[in-house]
Structure formats: C-alpha cells, structure tokens
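Visitor: Sending over a structure as structure tokens; questions will come in a sec.
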Amino acid sequence: MSIGAKILNFESCPSTNDLARNLAEHGETEGLVVVAAEQTAGRGTRGRSWFSPKEKGLYLSVLFRPPSEAVSFLPLAAGLAVREALSLACGLKAELRWPNDIIAAGRPDRKLGGILSESQWTGTNLDFAVVGVGLNLRHKTEDFSFNLRTQAVSVQMLTGRPPDEPLLLEQLLARMDFWYGLIRRGERHDILTEYRKRMFVPPGGKMTIIHGQGRAAGRFEGLGEDGGLILATPEGNRIFKAAEIMGVIYEKK
C-alpha cells in the first residue's frame, strides 16, 4: 500500500472527507487520496465550517484502514507530514498545536491549516478512518472573512510568493506514507517523540480544555503514550483524547 497510489481530483465538491468516507463504505482500499480545488461545505472539528474557496488552498482527504488501537495516532502523523511538506516544498517553518492545528512558527495567533480525523466503527472494530487536511495557500488578507483576518494566514502571505502546489502535494503524501508506515509497523513511539518536539506549547504551559462536560484549566504535562493530552489540574492529572476536545485556550505568556 502506498498513500497516493490512487488520487481522485475534483474541481469542486461539498467535502473531501465525505467523498472519501463514501468510497470507503463501498470498499475502496486504503491509501486513496481525494483532492478538490474547492469545498462548498468543508468541515473543521465539531462540525465547524472550513473556509475552502476555489484554488486558494489545498483540500484533501486520505483513506486509512489501520489497526483499531492506532487510530489516535493518525492526526499526529498527519500533522508531522504537513509540517515537513511545508518546509520541503515552501521553505516555511510551521508548528503543531494539539490536537489539529497547523500554525505559523513564531505566530501562534495565525492558523495555516487544520486536520480533521474521522472514523467509522462496527462495535469495537475500526472499519476505516479518513484524515482531511486543509491548508491556506494563496489567500490574501482580503480573501478571508473579517472575523478570520486576525486568526488565519496563508503560505503566500508568509513567503511573499504562491507555493508550488503539485510539489507540496507530492511531499505531503510522501511524508504521510513514511509516518503511516511507522503506525503500521507498530513504531508509534517514534511519532510521539517527534510530535512532542514540534508542539507549539512545551510542557509547563498553562491552558484551558473545553470539553463536553465543561472546562478544565491546568498545566500541560505532555502527551501520553496513546497520544492523549495530559493536563495537571488542582484535582490531579487528567487525560484528554482529541475526539472529546471542543477547544483549547492557551494562556499567553
């Protein structure tokens, strides 16, 4: 299996994740990549909309069929792949903000892209997982809605030139293939080790986790061996999985 051995390109679609999910339900093999020049109903986490104007960004989804116990490592592997691809193809440094944000290095208030990992289960058995990636490539400030202009940034805004999108896609899929190979071989600790190095917030940083039952404030202690975030609170350490997080507020230094 090689990620990107089969790539489906669309001028426009509602959501690349939805297309990939539909194909997975009809038996498509893992490694399939769905790419669109535009998403008319792009999604972020928790059902939030993802701004996906035509030919301004890179919007893609990858189909995986990993072991059930490894599914939580997919967004971490995808984040590492995106970060490396931006460096190799665009000469751009990026950092990872757990669980799913790609931010400009040194600009934690500016989001370059995001990752959406979704999975389908039959009981305790994983049927498949789809990981979507959205990256802002050629946006100018005025291309973003007013409320996004202080939160988002694009590759072109940071480098002063439009990126080589085919090269970026090639590098991204190659790096995804590398990191997914580690997942397949059971070498998941290497993913955790690298992700810990590339996180925006080092251990000791203060944050507030917004989850289904409310909020939890505390000190970031790192990532557990299953990829969950460890938060030291007055009541003791708590572990949060990416799937249960509705938002993270980072305390400014």
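Visitor: Being touching a Phe, Trp or Tyr at 6+ places or on another chain (Cβ under 7 Å), in contact (Cβ under 8 Å) with a residue 12 or more places away in the chain, closer than 22 Å to residue 38 by Cβ and not β-branched (Val, Ile, Thr) narrows it down to one residue among 148, 135, 167; which is it?
Guide: Numbers: 135 fails: touching a Phe, Trp or Tyr at 6+ places or on another chain (Cβ under 7 Å); 167 fails: touching a Phe, Trp or Tyr at 6+ places or on another chain (Cβ under 7 Å).
Step by step, each of 148, 135, 167 is checked, and only 148 is touching a Phe, Trp or Tyr at 6+ places or on another chain (Cβ under 7 Å), in contact (Cβ under 8 Å) with a residue 12 or more places away in the chain, closer than 22 Å to residue 38 by Cβ and not β-branched (Val, Ile, Thr).
Visitor: Among the residues of region 69-85, how many are surrounded by 24 or more Cβ atoms within 10 Å (Cβ to Cβ) and of a type in the set (A, V, I, L, M, F, W, C)?
Guide: Matching residues across region 69-85 total 7.
Visitor: Listed residues 191, 230; which is without any contact (Cβ under 8 Å) to a residue 12 or more places away in the chain and of a type in the set (A, V, I, L, M)?
Guide: Values: 191 fails: without any contact (Cβ under 8 Å) to a residue 12 or more places away in the chain.
Testing whether each residue is without any contact (Cβ under 8 Å) to a residue 12 or more places away in the chain and of a type in the set (A, V, I, L, M) leaves just 230.
Visitor: Right, here's the next one. If we keep just the residues of region 148-181 that are surrounded by fewer than 18 Cβ atoms within 10 Å (Cβ to Cβ) and in contact with a helix residue (DSSP H, G or I) (Cβ under 7 Å, 6 or more places away or on another chain), which is nearest to residue 82 (Cα to Cα)?
Guide: So the residue we want is 167.
Visitor: While we're on this one: Need a quick list: strands (runs of 3 or more DSSP E) entirely within region 86-182 having at least 1 residues that are over 21 Å from residue 199 (Cα atoms) and acidic (Asp, Glu). Walk me through it before giving the result.
Guide: Values: elements: 94-97, 101-104, 107-122, 125-136.
Strands (runs of 3 or more DSSP E) meeting the threshold: 107-122, 125-136.
Visitor: Here is a further query. Quickly run through region 16-55 and pick out the residues that are in a loop (DSSP other than H, G, I, E, B) and at pLDDT 95 or above. I'd like the intermediate steps shown before the answer.
Guide: Filtering region 16-55 for residues in a loop (DSSP other than H, G, I, E, B) gives 26-32, 37-38, 40-42, 44, 48, 50-55.
Those that are in a loop (DSSP other than H, G, I, E, B) and at pLDDT 95 or above: 26, 27, 28, 29, 30, 31, 32, 37, 38.
Visitor: Given the residues 89, 81, 41, which is the only one that is within 11 Å of residue 16 (Cβ to Cβ), in contact (Cβ under 8 Å) with a residue 12 or more places away in the chain and assigned by TED's automatic domain parsing to the domain that holds residue 106?
Guide: Details: 89 fails: within 11 Å of residue 16 (Cβ to Cβ); 81 fails: within 11 Å of residue 16 (Cβ to Cβ).
None of the others qualify; the one that does is 41.
The values are calculated or read from the model by the stated rules, or taken from the named source; none is laboratory data. Keep in mind that this is a model prediction, so the values were computed, not measured. Cβ atoms come from the backbone with ideal geometry, glycine included; neighbour counts cover every protein chain shown.
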